[in-house]
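These notes concern the structure reproduced below.
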Amino acid sequence: MDPLDGNSIGGLLIDVFGADMTGASGTCGTCGATGPVAEVVIYRQAPGTVARCRACGAILMVIVKVRTMTCVDLTGMARLDRPRAA
């Protein structure tokens, strides 16, 4: 399966954060690259959804749905800022 961009998980991010996070700014904890969540590289063929840094390939976030619970691991993110209101 080909990788997707961060826009492909927009609905999932709304479920988790209660807001559209594709416009949020995120910083990679490995290389320090900063950019919108919409630009991360998404892989959905794993048991969950994996988001990787476009610059260095490090794992930024993993989202796994188990029955009615959604588990989120943001360990790879040094920073995640909510998008500003329009």
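The values are calculated or read from the model by the stated rules, or taken from the named source; none is laboratory data. Note that this is a predicted model, so its numbers are computed, not measured. Heads up: the accessible areas ignore ligands, DNA and RNA and are worked out on the full protein's heavy atoms, side chains in. Shrake-Rupley method; radii C 1.70, N 1.55, O 1.52, S 1.80 Å.
Structure data summary
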item: So T30, is it under 13 Å from the mean Cα position of the chain (by Cα), modelled with pLDDT of 95 or more, among the hydroxyl-bearing types (S, T, Y) and open to solvent by 70 Å² or more (accessible area, probe 1.4 Å); result: no
item: Residue identified as open to solvent by less than 20 Å² (accessible area, probe 1.4 Å) and in a helix (DSSP H, G or I) among I9, I14, I42; result: I9
